[in-house]
Amino acid sequence: MKYQVKHSIDGRIRFQLGKQSLTSSEEDILEQYLLAKEGVERVKVYRRTASVAIWYSNAKSEILAYMKEY
């Protein structure tokens, strides 16, 4: 899935996904996928805006790799 980093600070990053919006099943799948990854502490998916905020404790590069895999 295409994405763009919209905002980033240490421990938190927000992505804009390459869609207008997400369905509830897409929201659930993305949230569960990210929460299963090492170092991801919290995830908030915004369905209407097709964006996701991720709070993490590991390297930012790992979070970027998780999103690239998705």
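A short reminder: the numbers here are calculations on the coordinates, not readings from a lab. Remember, it's a predicted structure, so these values are computed and weren't measured experimentally. Cβ sites come from the backbone with ideal geometry, for glycine too, and all protein chains shown count toward neighbours.
Observations on the structure shown:
- Relative contact order for the range 3-69: 32 percent, from Cα pairs under 8 Å spaced at least 6 residues apart, divided by residue count.
- Between 0 and 90 degrees, the angle of helix 24-35 with respect to the longest Cα principal axis of the chain falls at about 10 degrees.
- DSSP-loop trypsin sites (Lys or Arg not before Pro) across the range 38-70, with at most 10 other Cβ within 10 angstrom: Arg48
- The alpha carbon radius of gyration of the chain, expressed as a multiple of 2.2 N^0.38 Å, is 0.98.
- Helical runs (DSSP H, four residues minimum) scored at -39500 (n - 2.57) apiece and divided by the length of the chain put the mean residue ellipticity at 222 nm at -9500 deg cm²/dmol.
- Under the convention that each Lys and Arg Cβ holds +1 and each Asp and Glu Cβ holds -1, the size of the dipole of the chain around its Cα centre is about 360 debye.
- Projecting the Cα atoms of Gly11, Ser51, Ser61 onto the charge dipole of the chain, computed from C-beta unit charges around the Cα centre, puts Ser51 farthest toward the positive end.
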